[in-house]
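Written out below as structure tokens is the structure these notes cover.
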Amino acid sequence: MADETVGIVGAGIVGLAVGREITLRRPGTSVVVFEKEDSIGAHQTGHNSGVVHAGIYYAPGSLKARLCTRGRSMLREYCVERGLPYEECGKLVVAVTPGELPRLERLASLAEVNGVPGLRRLVASGITDVEPHALGLAALHSPRTAITDFVRIAEEFGRDIVSAGGEILLGRGVTAVHRERRGGLRVVAGGHAESVSRLVVCAGLHADRVGRLVSDTAEPRIVPFRGEYMRVRASKAGLVRGMIYPVPDPRYPFLGVHFTRRVGGGLEVGPNAVPAMAREGYQRWRVDPRELLRIASWPGSGRLVARHWRTGLREMRGSLSVRAYLRDARRYVPDIGPADVVRAGAGVRAQALDRDGTLVDDFRVHRLGGVTVVRNAPSPAATSSMAIAEHIVTAMGRGD
Ligand SMILES: Cc1cc2nc3c(=O)[nH]c(=O)nc-3n(C[C@H](O)[C@H](O)[C@H](O)COP(=O)(O)OP(=O)(O)OC[C@H]3O[C@@H](n4cnc5c(N)ncnc54)[C@H](O)[C@@H]3O)c2cc1C
């Protein structure tokens, strides 16, 4: 019989990585994963760009910087060992105006401190050696940035949990958590209750809501941002060999619309970042009035809008018009125009927002009395998932 049972809320890549790490590092502990959907990776894990980031952008010393770098090498090793897709097709970050050059240089310094492997600075002629159809004044080349299939990785983590004796309960949304008098927690999910000794919440778009069930706060709040993709028609898909990104606007935690190859073949452009009107608002017109009210009544939202309404309007215009959507991307790949793309679905980012209107940039994990809540795990959390798991399970071992 198991010494203890750890419950996990959410069968996305982070929850399953944590479950797997527990089975490896805490022998005698059994794992039970509660997932409200009928499949693994149904939300962010299954609706992202599939990029294994190399750690270019992140503030040195932040959790993102540490866990992305470590997570990338852990993930690479795991994919190679298990025969999962992992293609190092490399990435360019391209500056197209003189004003972007100092920001590119700053990224280069961050990337060096973060130990991004093989990073090179390129002048204009060097850009076309790597990507013959890209244009720019200068670029960074990260040859080890890779693409993968995060759902297949999450499913493999799930198989590891089950072969170690754990359970993944699909279609079991957690609706209540009660602290038991003799210690431990009672988790109510899908009409059944299970006792666990500890709980780890990795609920993505519902991190604040589930976090509120196990603590006295729902802060920071989750604000959903839809990221829409376009697929490049086959006739032009060969124009990009790997990935081409713009220099991001440092005021936002999003990387800007970029070109990305997919492991199954094909080339995509995206994602943009448009405020979503529902937590799982994959369609543009999906509106959840209760959710809107919740977002509008949160003080952080008003402050965010006051600061960034211009960018918000520009993103919305890009969402409505393919021409406006491609305007930025055409600055660095001019040969792909509106006639060369078709709309290709969307993902919704779980972006945490603080009360003062700050978009939380770093990963955020709270721990309290046997409960760990992952409050903010946006990109590159899929890349970093195995290192986030290691970080959480190490803290568990210390009794934090
Ligand atoms: C458009 C987009 C592009 C991105 N691109 C990249 C990229 O290229 N590279 C990268 O590294 N990262 C990328 N990311 C980020 C990455 O996808 C996420 O950081 C990562 O998937 C987070 O994993 P997760 O397990 O925390 O969340 P999720 O995958 O969202 O999983 C959370 C799970 O919790 C479940 N859940 C919620 N509430 C409950 C409940 N009450 N009971 C039971 N289950 C519940 C949900 O159903 C869901 O399955 C991108 C994200 C988006 C949206």
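The values are calculated or read from the model by the stated rules, or taken from the named source; none is laboratory data. Every value quoted in this text rests on a predicted model; they were computed, and no experiment measured them. Counting neighbours? That spans all protein chains shown, and the Cβs are built from the backbone with ideal geometry, glycine included.
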Just to be sure I understand the filter: pairs with C-beta atoms under 8 Å, separated by 6 or more residues or on different chains, first member in the stretch 200-227 and closer than 16 Å to residue 7 by Cα, second member more than 11 Å from the ligand (Cβ to nearest atom) and in a loop (DSSP other than H, G, I, E, B). Which pairs pass?
211/217; 211/218
In this structure, does residue 375 turn out to be more than 16 Å from the ligand (Cβ to nearest atom) and charged (D, E, K, R)?
no
Filter result for residue 201 (modelled with pLDDT of 95 or more, farther than 29 Å from residue 84 by Cβ and within 13 Å of the ligand (Cβ to nearest atom)):
no
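Quick one: which strands (runs of 3 or more DSSP E) sit completely within the stretch 284-400 and have at least 1 residues that are modelled with pLDDT of 95 or more and in contact with a Gly (Cβ under 7 Å, 6 or more places away or on another chain)?
Values: elements: 341-353, 364-368, 371-376.
Here the list reads 341-353, 371-376.
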Selection over the stretch 19-34 where residues are more than 9 Å from the ligand (Cβ to nearest atom) and under 22 Å from the mean Cα position of the chain (by Cα) yields a count of 4
Among the candidates 279, 231, residue that is modelled with pLDDT of 90 or more, over 27 Å from residue 97 (Cβ atoms), outside any loop (DSSP other than H, G, I, E, B) and not aliphatic (A, V, I, L, M):
231
Could you list, in sequence order, the residues of the stretch 252-269 that are in contact with a strand residue (DSSP E or B) (Cβ under 9 Å, 6 or more places away or on another chain) and either among the β-branched types (Val, Ile, Thr) or in a loop (DSSP other than H, G, I, E, B) (or both)?
252, 253, 254, 255, 256, 257, 260, 262, 263, 266, 269
